[in-house]
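Structure, as structure tokens:
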Amino acid sequence: MSQQQSADNVSIDDIPVDVANTQSGEVDPAEVPEEIESITRGLAGEHPPTNPLIVLKAARWWYLHGKGGTDPAFQWAIEWARHLATDTPSDVERFDEFLEYLVTVGFDDEPHELR
């Protein structure tokens, strides 16, 4: 491994994980990496990502920087990855919670604007 990582900034891909700010529960939309924001908006849109690895990358970021396992963006990303892997219907209520959460985080003013 040729790249040094400090104890407070660890990553397994090109998206940094700020250990000091993990699971703070307070997400500032300006601090969401561009790639994660794009994937997250895609998960809220009409044509969500179909690659489970991409979806899980966003799930990991929201788990670490949001509310952990209770974070609605994390939960929806996991639900969507499950849907992709098993081809079973996804939970519509969880999707609605996800859209509401994105509004409270500041991604948009109304849930319908995310679609």
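No lab work stands behind these numbers, since they all come straight from the coordinates. If you're wondering where the values come from, they're calculated on a predicted model, not measured in any experiment. Positions of Cβ are backbone-derived with ideal geometry, glycine not excepted, and every protein chain shown enters the neighbour counts.
Computed from the C-beta positions of D28 and H83, the FRET efficiency with R₀ = 41 Å rounds to 0.90. The protection proxy used here, the mean number of other Cβ atoms lying within 10 Å of each residue, ranks peptides 53-64, 35-46, 83-94 as follows, highest first: 53-64, 35-46, 83-94. Compared with the alpha-carbon gap, the fully stretched path from H112 to H47 is longer by 22.0 nm at 0.36 nm per residue.
Of the peptides 102-108, 76-82, the ranking by mean beta-carbon count within 10 Å, highest at the top, reads 76-82, 102-108.
Computed from backbone phi, the HN-Hα couplings of the stretch 51-62 come to 9, x, 5, 5, 4, 5, 4, 5, 4, 4, 4, 5 Hz, rounded to whole numbers (Karplus: 6.51 cos²θ - 1.76 cosθ + 1.60, θ = phi - 60°; Gly and Pro given as x). Once you order the gyration tensor axes a ≥ b ≥ c over the Cα atoms, which shape class does the stretch 52-115 get: rounded for a/c under 1.5, otherwise prolate or oblate by comparing a/b with b/c? Because a/c hits 1.5 or more and a/b fails to exceed b/c, the stretch 52-115 counts as oblate.
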